[in-house]
Amino acid sequence: IKTVQQQEVILQSLPMSFYSYQPAKNAKMWISKQIKDITGYDAESFTDDHNKWIEGIYPDEKRDVLQAKKQAADHGGYRLEYRWKVKNGNYHWFRDEAVYLESGTGGRPEVVGVCIDITEEKERMRGFKLMQNFQLENPIAILCYNDRLECVFANDAACSLYEYAEYELLGSSLDMLLKESENWPDNFSSMRGTGIMNEEWELRKKGGDNFFASVTVTFVDLDDREYFYFSGRDI
């Protein structure tokens, strides 16, 4: 009993949800409680309604996902990445991996898998895509921010101009570079949807020195997410 309890604690502490089901029609499904942490729905929502997960799959990806699951027995399982609509209405990326067991619970065929939210990982990959639009050797200091105002890309010129290492800029807010950060939310709201903006702002380096810069902000959409490039030139 103690071993079972220890295993349960370990399972519940992992940032992923485990599941198992038997391919037979109307067979019972089990899913671990962490599913609520990554989807917003409790485990009973899925065990009581076997179609709930299917209904949440991004429409353009549903066919391939269902096909892979149907062929689990032929391939010994599956490894999938697809989008699924979580409770707040947004689509998150999930990695869904499972193995097919010929003799599972009760000696019947069973699929045992794990599902993990990889949205942040995909976000980093988007950063690499965005990076490809500009050469790292570009002499203009360029930063890219996502719709949460977090930096996802910084070129060498930006690191040099602001005196920060790349790892210090990535994930940081633009507020870190502004002398008057309280004005930024209003500026951002007024610029969204305008495509591009040119202004002169007073910016701040890591060491605390302020300088005036010619700033260009360009908004782009990528994979249904909004990003903006922020370039600054010391004037």
Gain upon complete extension [residue 210, residue 49; 0.36 nm per residue less C-alpha separation]:
52.1 nm
Per-bin percent of Cα-Cα distances, the range 78-128 [10 Å]
23, 37, 24, 13, 2
Say each of residue 60 and residue 81 gets a label point 7 Å from the Cα, pointing the same way as Cα to Cβ; how far apart are those two points in nm?
1.6 nm
Violating pairs (Cα-Cα greater than 29 angstrom) within the set 69/122; 36/69; 85/179; 28/85; 87/206; 33/85:
85/179; 87/206
With θ set to phi - 60°, apply the Karplus curve 6.51 cos²θ - 1.76 cosθ + 1.60 along the range 60-77 and write out the HN-Hα couplings as whole Hz, x wherever there is a Gly or Pro.
5, 10, 4, 4, 5, 5, 5, 5, 5, 5, 5, 9, 4, 5, 6, 10, x, x
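Considering only the other residues whose Cβ falls under 13 Å of the Cβ of residue 214, what net charge follows from Lys and Arg at +1 and Asp and Glu at -1?
Working: positive: 233; negative: 199, 200, 202, 234.
So the surrounding residues net to -3.
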Would you please classify the overall shape of the range 47-179 from the alpha carbon gyration tensor, given that a ≥ b ≥ c denote the square roots of the eigenvalues, rounded means a/c under 1.5, and beyond that prolate means a/b larger than b/c while oblate covers the rest?
prolate
Would you mind getting me the FRET efficiency between residue 28 and residue 118? Use the beta-carbon distance for r and R0 = 35 Å, nearest 0.05.
0.80
Hey, what's the Cα Rg ratio for the range 16-75 versus the globular rule of thumb, 2.2 N^0.38 Å?
1.16
Diffing the range 169-178: the Karplus 3J(HN,Hα) column from phi (6.51, -1.76, 1.60, θ = phi - 60°), in whole Hz with x for Gly and Pro, holds 7, 4, x, 7, 8, 4, 3, 4, 9, 9
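Summing +1 for each Lys or Arg and -1 for each Asp or Glu, what net charge is found among the other residues whose Cβ lies under 10 Å from the Cβ of residue 101?
Working: positive: 108; negative: 102, 110.
Counting the neighbours of residue 101, the net charge comes to -1.
Quick check on packing: order 105-117, 143-155 by the mean number of other C-beta atoms within 10 Å, highest mean leading. Spell out each step's value before the answer.
On the way: 105-117: 16.5, 143-155: 19.8.
Top to bottom by mean Cβ count within 10 Å: 143-155, 105-117.
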Which net charge results when you count Lys and Arg as +1 and Asp and Glu as -1 among the other residues whose beta-carbon is under 11 Å from that of residue 34?
-1
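A short reminder: the numbers here are calculations on the coordinates, not readings from a lab. Just so you know, these numbers come straight off a predicted model, no measurement behind them. When we count neighbours, we look across all protein chains shown, and the Cβ atoms used for this are built from the backbone with ideal geometry, even at glycine.
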